[in-house]
Structures are given as structure tokens and as C-alpha cells.
Amino acid sequence: MTKPENSANQMWGGRFASGPDAIMTAINASIGFDQRLYAQDIAGSRAHAAMLAATGILTSTDAEAIGEGLLTVLSEIEAGNFTFSTALEDIHMNVESRLKDLIGAPAGRLHTARSRNDQVAVDFRLWVRDQCDAAISGLTALMRAFLAQAEAGTDWVMPGFTHLQTAQPVTWGHHMLAYVEMLARDKSRFEDARKRMNECPLGAAALAGTSFPIDRHMTAKALGFDRPTANSLDSVSDRDFALEFLSASSICAMHLSRFAEELVIWSSAQFRFVKLSDKWTTGSSIMPQKKNPDAAELLRAKLGRILGATVALFTIMKGLALTYSKDMQEDKEQVFDAADTLMLALAAMTGMVGDMTANREVLATSAASGFSTATDLADWLVRALNLPFREAHHVTGTLVALAESKGCDLPDLSITEMKSVHDGITQEVYSVLGVENSVRSRTSYGGTSPDCVAKQIARWKSLLA
């Protein structure tokens with residue numbers, strides 16, 4: 001009998017008379033990246049072997065040998081003493097081949113009542129579940145960093161912007177808490193995705209289930225899942241869990257990118273709102289005065305990689321009929337890279353937020369510029385003079401134009417000048433034109449007043465405790 005050219009890998013059985021071409025081997029093998037699933041693969045195999053023994057499909061002696069052998073393989077990989085083989089294609093066959101070297105024939109019984117289709121589905125789901133946990137932890141740390149900044153500057157005034165133009169004064173604490181709210185939504189998305197993905201596909205076999213009397217509830221429980229998946233076809237073809245992780249990662253990375261953009265703007269010589277230490281900035285090779293916020297700039301760019309991974313996996317999955325197709329081997333590199341990028345971005349942003357120092361004086365000066373209390377003036381005209389808001393808006397706009405023509409701000413206009421626009425204006429108007437008065441007046445729930453901010457800080461400290 002003629003041996004296959006590539007006799008190292010016998011998983012295809014006797015169907016093939018010769019081994020694959022070298023180029024086919026290269027494009028077919030996934031061990032270069034799916035070796036990252038080794039811990040999940042071994043955990044799944046140990047749970048499967050224990051279940052096979054409990055249901056009488058495997059002897060307890062063979063199951064014990066398999067379990068101990070898999071622990072040896074795990075220790076070899078973790079110690080860096082394991083040689084991964086491209087000829088064996090993937091992490092599953094690499095582990096099984098080494099197990100056979102260690103324990104002999106019983107290793108061949110491990111694959112009873114399962115397929116690489118449900119094996120990779122459970123491995124990948126376990127890995128993504130771990131990444132959700134890591135993202136939740138990273139987001140919690142970043143939320144605490146923003147919360148500390150908010151508490152330090154609960155009543156510091158700064159300009160609030162729309163269109164990157166001065167709009168109304170707000171407090172530094174309020175601005176910081178805006179990101180706590182964003183990140184809380186990110187955290188909830190990962191938590192929600194984790195709950196939905198926490199079903200075990202192991203036991204679905206290739207696509208139709210198995211005729212062996214397996215106990216899928218037992219393996220699900222052993223691997224920390226809430227329940228087994230309910231449809232074998234869906235079990236092996238589903239990658240929604242990865243898509244949800246990528247989608248949540250993309251939204252989260254977008255939020256990080258938005259604050260990174262603010263850091264770039266705020267740390268510029270034109271703004272000087274914040275200062276970043278040398279830990280998070282770099283210099284220029286030609287301009288000695290430069291201190292560039294490179295970490296923040298890189299964080300802006302990281303969204304592109306994560307969003308690109310999301311689009312890539314959607315594109316891979318969109319045209320696949322049930323159930324498993326080899327296209328799905330291309331799912332992991334996208335998710336691995338996105339997860340690595342997100343975790344690095346969260347850690348870097350947490351470091352920068354903890355490191356940045358706000359320039360309170362500059363913030364206050366800027367808050368008072370750009371006619372930031374114009375809305376307060378319009379509101380006062382409605383309350384004090386009972387003007388319709390549209391008329392109050394027009395009067396205020398006229399006063400802004402007058403102040404602009406004189407090169408001053410609204411509080412600098414004399415009462416005579418104000419009365420020239422509307423005779424009903426009184427000296428009381430000046431009580432609403434200061435930025436401190438403005439922020440103190442914004443007491444509606446979720447508003448920027450220091451009192452509101454302090455209450456929100458207390459709420460978040462309790463929630464994150």
C-alpha cells in the first residue's frame with residue numbers, strides 16, 4: 001500500500017492517496033495563529049473525556065490517561081517546550097498527536113462523539129468569553145480613572161463645545177463623567193454579549209449531533225456554560241459571539257478615539273487645557289520644543305484596525321450556507337488582533353487619564369470666552385421679562401453682535417448698552433452672566449452643576465465599588 005506523501009497527518013483517513021501540495025499545506029494550516037487556543041482546546045478535551053467516561057462510552061482508565069496526558073501537554077506548551085507542526089494543521093491535531101506520543105492508543109479514543117467543527121466552536125467561544133471578561137475588567141479600571149478626574153474637578157469650570165465652538169460653560173467633572181457613561185454602555189455590551197454566548201456547542205459533532213449517548217449538559221457545566229446549544233446545525237456554524245465581541249469592541253474603540261482626539265486638542269499649545277507627562281508623549285527629531293501626544297494619536301488609529309476586523313468577519317460570514325465552511329478558519333486572526341488591540345488601547349487610555357493634569361486656570365479663562373453665557377442671558381430674559389424664547393434669542397443675538405463689535409464679552413457690556421437693545425433689562429442680568437453662576441444654575445437631572453456632578457460621582461462610586 002502506498003503511503004501518503006505527508007504521512008504525519010492521518011486525520012483524513014484512507015480517502016486520500018497522496019498528501020497535499022506544499023502550497024495547499026500553507027494555505028490550509030491554521031496552527032500559526034490558532035495555537036492561541038491551546039488552553040481552551042485542552043480544557044474542552046478534558047471535559048469531553050470525563051463525560052465520555054461518565055456515560056460509559058470510554059473506560060475510566062482511558063479517560064484518566066487522557067486527562068493526565070492533556071495536563072502534560074498543557075504544561076509543555078506553557079513552558080515553551082512544545083513544537084507546533086504545520087503538517088498537523090491546527091491546534092486540535094497538534095494536541096492530539098502529542099497526546100498519542102505520551103499515552104499511546106487511548107489518545108485515539110478522545111475524538112469519539114465529536115468533530116473538529118464543534119471542537120473549534122467551543123474553543124473559540126471559550127476564548128472570546130475570556131476576552132469579554134478582560135474587556136469588562138479593563139473598562140472598569142478606565143471608568144475609575146475618569147471618575148477620579150471628575151472627583152478632583154467637580155466644580156472646575158471649562159468651556160462646553162458644539163461644532164468645536166464654545167457653547168456653554170460646563171464643569172470638568174461633568175465632562176469626565178460623560179466618558180464614564182459611554183464606557184458603562186461599552187461594559188454592558190460586553191456583559192450582554194457574554195451572557196448570550198454562554199452556551200456550549202460541544203457535542204454537536206460535525207453538524208448533526210451524534211448517535212453516542214453523550215451528556216451535553218455535563219460538558220456545558222464543566223466548561224462554565226449556562227447550557228448546551230439547542231441546534232447542532234447552528235452550533236457549528238454560529239460566529240455571532242465573535243461578531244458581537246467585535247461590534248462591542250468597535251464601539252468601545254470609537255469612544256476611546258473620541259477622547260484621544262480631545263487629548264490631542266487639549267494638550268496643544270493653542271488650548272493648554274491638559275498636560276501629559278513624558279510617559280505618554282514623545283519628542284521631535286528636528287524640533288526640540290515639541291512634545292507630541294503620540295500615545296493618544298495612536299489610540300485614534302487603533303479604531304481602524306478593530307473596525308476593519310469587524311467588517312472582515314461580517315464579510316467572511318455573509319455568504320456562507322449552513323453549516324461549516326473552511327472560510328470560517330479566517331475568523332480567528334481578525335478577532336485575535338482586535339482583542340489584542342482593544343486591551344492595549346484600554347490599558348494605555350487608563351494610563352493617560354490617570355496621568356493627565358488639567359490646567360484649571362486656563363480652563364476657567366476659556367470658559368468665560370466666546371460668549372459662553374449667551375444662553376443664560378436668553379433664559380433670564382424669558383424668566384425675568386416673560387419674553388417668548390424666540391424673541392429672547394433675538395435680543396441675545398443682538399447683544400452678542402454688539403459685544404463682538406466692541407471687542408468685549410457679554411458681562412463687559414454696560415447696563416445702558418444692554419438697555420439700548422431691550423429697555424426691560426435690569427442690573428439683575430449680571431447675576432447670570434458669570435460662568436460660575438451659569439454652571440451652578442444647571443441643576444436639572446444630568447446637568448453640569450457641581451451639585452449634580454457630585455451626586456453622579458457618588459452614584460458611580462457605589463456602582464463600581
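Subtracting the Cα-Cα distance of residue 322 and residue 301 from their residue separation scaled by 0.36 nm leaves 4.0 nm. If you average the C-alpha positions of segment 417-441 and of segment 340-366 separately, how far apart do those two centres end up, in angstrom? Between the Cα centre of segment 417-441 and that of segment 340-366, the gap is 35 Å.
Using only Cα atoms, what is the ratio of the radius of gyration of the chain to 2.2 N^0.38 Å? Please list the in-between numbers first.
Numbers: Rg = 30.9 Å, N = 465, 2.2 N^0.38 = 22.7 Å.
In units of the globular-protein estimate, the chain measures up at 1.36.
Ranked by the mean number of other Cβ atoms within 10 Å per residue, highest first, peptides 335-342, 51-58 order as 335-342, 51-58. Net charge dipole, the chain: roughly 280 debye, given to the nearest 20, about the Cα centre with Cβ charges of +1 for Lys and Arg and -1 for Asp and Glu. Surface exposure of the chain, expressed per residue as accessible area with a 1.4 Å probe, stands at 47 Å². Segment 19-77 to segment 203-217: how many Å between their Cα centroids? Going from one Cα centre to the other spans 17 Å. Compared with the rule-of-thumb size 2.2 N^0.38 Å for a compact globular protein, segment 102-220 has a Cα radius of gyration ratio of 1.79. Report, for the chain, the % of DSSP beta bridges that are antiparallel, rounded to 5. If I count the DSSP bridges inside the chain, around 80 percent turn out antiparallel. Taking each residue as 0.36 nm, the span from residue 444 to residue 28 lengthens on full extension beyond its C-alpha to C-alpha distance by 143.7 nm.
Pairs 275/406; 187/302; 187/291; 221/332: which exceed 28 Å Cα-Cα?
Violating the 28 Å Cα-Cα cut-off are 275/406; 187/291.
Between 0 and 90 degrees, rounded to the nearest ten: what's the tilt of helix 240-266 against the longest Cα principal axis of the chain? Helix 240-266 and the main axis of the chain meet at about 30 degrees.
Applying 1/(1 + (r/R0)^6) with r as the Cβ-Cβ distance of residue 426 and residue 163 and R0 = 22 angstrom yields a FRET efficiency of 0.10. How far is helix 331-355 tilted, in degrees, relative to the longest principal axis of the Cα atoms in the chain, given as a value from 0 to 90 rounded to the nearest 10? It is inclined by approximately 40 degrees. A crude spin-label estimate for the pair residue 291 and residue 141, with each label 7 Å from Cα along the Cβ direction, gives 2.5 nm. What angle do you read, to the nearest 10 degrees and between 0 and 90, between the alpha-carbon axis of helix 294-317 and the longest principal axis of the chain? Tilt of helix 294-317: around 50 degrees.
Across every direction, the projection of the convex hull enclosing the Cα atoms of segment 239-347 has a mean area of 8.3 nm².
The length gained by stretching the chain between residue 72 and residue 109 to full extension, at 0.36 nm per residue less their Cα-Cα distance, is 11.6 nm.
Highest mean packing first, where packing is the average number of other Cβ atoms within 10 Å per residue, the peptides 316-327, 69-80, 135-146 line up as 135-146, 69-80, 316-327. Report summary: the helix-based calculation at 222 nm, which adds -39500 (n - 2.57) for every DSSP H run with n ≥ 4 and divides by the residues of the chain, gives -19500 deg cm²/dmol. For residue 461, the aspartates and glutamates whose Cα falls under 14 Å of its own Cα, not counting residues fewer than eight places away in the same chain, are 151, 181. Taken along the Cα-to-beta-carbon direction at a fixed 7 Å, the label points for residue 208 and residue 271 span 6.2 nm. In this rough spin-label picture, where each label sits 7 Å from Cα along the Cβ direction, the residue 258-residue 459 distance is 1.8 nm. In order along segment 59-68, the phi-based Karplus estimate (6.51 cos²θ - 1.76 cosθ + 1.60, θ = phi - 60°) of 3J(HN,Hα) comes to 6, 5, 5, 5, 4, 5, 5, 5, x, 5 Hz; Gly and Pro are listed as x. Here the accessible area of the chain is 53 percent carbon and sulfur, with a 1.4 angstrom probe and all protein chains present.
The values are calculated or read from the model by the stated rules, or taken from the named source; none is laboratory data. Only a predicted model underlies this, so the values are computations on that prediction, with no experimental measurement involved. As a convention, Cβ positions derive from the backbone with ideal geometry for all residues, glycine included, and neighbour counts pool all protein chains shown. Side chains included, ligands, DNA and RNA excluded: accessible areas come from the protein's heavy atoms. Shrake-Rupley method; radii C 1.70, N 1.55, O 1.52, S 1.80 Å.
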